[in-house]
1. Which of PRO110, PRO154, VAL50 sits closest to the plus end of the dipole of the chain, meaning its Cα is farthest towards the positive end, when Lys and Arg get +1 and Asp and Glu get -1 on the C-beta?
2. As I understand it, the dipole of the chain uses +1 on the Cβ of Lys and Arg and -1 on the Cβ of Asp and Glu, about the Cα centre. Which of LEU60, ALA134, ASN72 lies farthest toward its positive end?
3. What FRET efficiency do you get for ARG43 and LEU99 if R0 is 25 Å and r is their Cβ-Cβ distance, rounded to the nearest 0.05?
4. Within a Cβ distance under 14 Å of LEU30, other residues only, what is the Lys/Arg minus Asp/Glu net charge?
5. Tell me the mean residue ellipticity at 222 nm calculated for the chain from its helices only (DSSP H runs of n ≥ 4, each -39500 (n - 2.57), averaged over every residue, nearest 500).
6. For the chain, with all protein chains present and a 1.4 Å probe, just round the carbon and sulfur fraction of the accessible area to a whole percent.
7. To the nearest 20 debye, what is the magnitude of the charge dipole of the stretch 10-157 about its Cα centre, counting +1 on the Cβ of each Lys and Arg and -1 on the Cβ of each Asp and Glu?
8. Hey, can you grab everything whose amide H is under 5 Å from the amide H of TRP46? Only 5+ residues off in sequence or another chain; H modelled, so Pro and N-termini drop out.
Amino acid sequence: MNERYQSILSLRAIREFEPRAIREVDLEALLEAARWTGSSKNRQNWSFIVVDDPEQKDRLCDAGDFTDPIRNAPAVICLVREPDGYEFDTGRLAQNIMLAADALGMASCPITLHRDGLAAEVLGLPEGRRCRYAIAIGYPAPSSGPAKFGGRKPIEELIHHNRYDG
Ligand SMILES: Cc1cc2nc3c(=O)[nH]c(=O)nc-3n(C[C@H](O)[C@H](O)[C@H](O)COP(=O)(O)O)c2cc1C
């Protein structure tokens, strides 16, 4: 199997990071991968807020239920849905950032900001913008690995042909 395909299959959410800051060149590369993500009608109704201030990260943690990866990471990229943006596009953004991080030797974890009203307040979002998802990023801690519950359903449970009952 070629390396690019293998990297898609082996991409995991990593929640432990080295304490060091992200190199500027790596951060720029991640944001470039985000910028080049395809979107519905190429509208690109999104923007990104990079949060690396520890106090601001702490405030953001209160907006979600499973936000320890934000605390552990040197930075988090908040995915802002601009007016008329689609959540599907946000998903594509997240995956592009995660694959780019992996290609650059970094680790990442998607984060849900369940209380997105609070997230909007913390991030100072103008009216009509929403941030429900973010990606914690950094360099993987030497001991880091995926959470133990990270397997997948067998393929026979997932695939149908032509119709759901096919
Ligand atoms: C939409 C979405 C939201 C997620 N939110 C969180 C989260 O808030 N906190 C967290 O630690 N992991 C979060 N995850 C990571 C998942 O728990 C993880 O992808 C899943 O358990 C499978 O593990 P793996 O990606 O390592 O194979 C999220 C993943 C997705 C796709």
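The values are calculated or read from the model by the stated rules, or taken from the named source; none is laboratory data. None of these values were measured; they are calculated from a predicted model. A quick note on method: Cβ atoms are made from the backbone with ideal geometry, for glycine too, and the neighbour counts reach across all protein chains shown. We work out accessible area using only protein heavy atoms, side chains counted, and drop any ligands, DNA or RNA first. Shrake-Rupley method; radii C 1.70, N 1.55, O 1.52, S 1.80 Å.
1. Positive-end residue among those listed: PRO154.
2. The Cα lying farthest towards the positive end belongs to ALA134.
3. That gives a FRET efficiency of 0.70.
4. On the way: positive: ARG23, ARG35; negative: GLU24, ASP26, GLU28, GLU32, ASP52, ASP102.
Charge balance in the 14 Å sphere: -4.
5. Working: 6 runs with 57 residues, N = 166.
Computed ellipticity for the chain at 222 nm equals -10000 deg cm²/dmol.
6. In the chain, the share of accessible area belonging to carbon and sulfur is 51 percent.
7. Details: 19 positive and 23 negative charges, 71 e Å.
Its charge dipole is roughly 340 debye.
8. Hits under the 5 Å cutoff: GLU82.
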